[in-house]
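> Below you'll find the structure I mean.
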Amino acid sequence: GAFERVLDVFHPVVLAGGYLPIPALVPLTMSFFGTGETKKVVFLMVAFLVYLVPQVVNAVDKVASIYLQTAYTLGATTWQAFTKVLVSISWEDFYRAMRGAFGVGWSYILLVEMVVIEGGLGEVVLLGERRGPRANIYIALAAIVLIAFGTDKLWAWGERRLFPYRSRS
């Protein structure tokens, strides 16, 4: 977001990612990587990349140029300005974006597991829908919600530890 050349490279990804339906990536990754665990991992990586790149670009873009100008005035190299100024100031927004991506990721995980039934909660939901008992669907969904809630609480704990000044204001 702060370097024009880098922004020009990621601009098409950001633009296309905003309009790309994530479920459409499931058959695409299946055609390239088969139906095993590799496909699931690649699908999740691509889905998170599509979700996170615009968030990261916006976080970096929010950094006021005065900070970079001050760093350069004080003799910082481009790498120092990147690591000490851009990353340091944007880290809180990066963290929030990753927390949001993790929340959205639960729906991605269930989606990919329901397409390729090889165990997991997706299989429980799909088999409960087809054969019954329907209670299995509710139990699987409750398990997903409880796991997601627990991990979100861990993200919140990490946010309080990494950014204690947020809770004071």
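> Hey, quick one: spin label on Ala16, modelled 7 Å out along Cα-Cβ, who in the range 36-56 has an amide N within reach, i.e. under 19 Å?
Residues 42-56 qualify, since their backbone N sits under 19 Å from the label point.
> Something else: Which residue, chosen from Leu25, Val53, Phe10, occupies the Cα position most advanced towards the positive end of the dipole of the range 1-65, where the dipole is computed from +1 (Lys, Arg) and -1 (Asp, Glu) charges on Cβ about the Cα centre?
Final value for the positive-end residue is Leu25.
> Choose one of Leu162, Thr70, Gly34: the residue whose Cα lies farthest towards the positive end of the charge dipole of the chain (beta-carbon charges +1 Lys, Arg; -1 Asp, Glu; about the Cα centre).
Leu162
> Which of the trypsin sites (Lys or Arg not before Pro) found in the range 59-103 are loop residues per DSSP with 16 or fewer other Cβ atoms within 10 Å of their Cβ?
When the trypsin sites (Lys or Arg not before Pro) of the range 59-103 are filtered for loop state and at most 16 Cβ neighbours within 10 Å, Lys62 remain.
> Can you compute 3J(HN,Hα) from phi for each residue in the range 39-49, using the Karplus curve 6.51 cos²θ - 1.76 cosθ + 1.60 with θ = phi - 60°, rounded to whole Hz and x for Gly and Pro?
4, 4, 5, 5, 4, 5, 4, 5, 4, 5, 4
> With θ set to phi - 60° and the Karplus curve 6.51 cos²θ - 1.76 cosθ + 1.60, what are the ³J(HN,Hα) couplings of the range 92-97 in order, to the nearest whole Hz, using x for Gly and Pro?
5, 5, 4, 4, 4, 5
> A further question on this structure: On a full-extension model of 0.36 nm per residue, what is the gain between Ile137 and Arg160, subtracting their alpha-carbon distance, rounded to one decimal in nm?
Residue separation times 0.36 nm, minus the Cα-Cα distance, leaves 4.8 nm.
> Over the Cα atoms of the chain, Rg to Rh with Kirkwood Rh, two decimal places?
1.08
> I've got another one for you. Most mobile of Phe33, Phe43, Phe94 per a Gaussian network model of the chain (Cα springs, under 10 Å)?
Top of the fluctuation ranking is Phe33.
> Sticking with this one: Express the relative contact order of the range 14-169 as a whole percentage, based on alpha carbon pairs under 8 Å and six or more residues apart in sequence.
Contact order relative to length: 20 percent.
> Same structure again: How big is the charge dipole of the chain about its Cα centre, in debye rounded to the nearest 20, if each Lys and Arg gets +1 on its Cβ and each Asp and Glu gets -1 on its Cβ?
Dipole about the Cα centre, nearest 20: 460 debye.
> Leaving out ligands, DNA and RNA, what percent of the accessible area of the chain is carbon and sulfur, probe 1.4 Å?
67 percent
> When ligands, DNA and RNA are left out and all protein chains stay put, how many square angstrom of accessible area per residue does the chain have with a 1.4 Å probe?
That works out to 64 Å² per residue.
The values are calculated or read from the model by the stated rules, or taken from the named source; none is laboratory data. Please read these numbers as outputs of a predicted model, since none were measured by experiment. Every residue, glycine among them, receives a Cβ derived from its backbone with ideal geometry; neighbour counts consider all protein chains shown. Quick note on the areas: whole protein, heavy atoms, side chains included, nothing else; ligands and nucleic acids left out. Shrake-Rupley method; radii C 1.70, N 1.55, O 1.52, S 1.80 Å.
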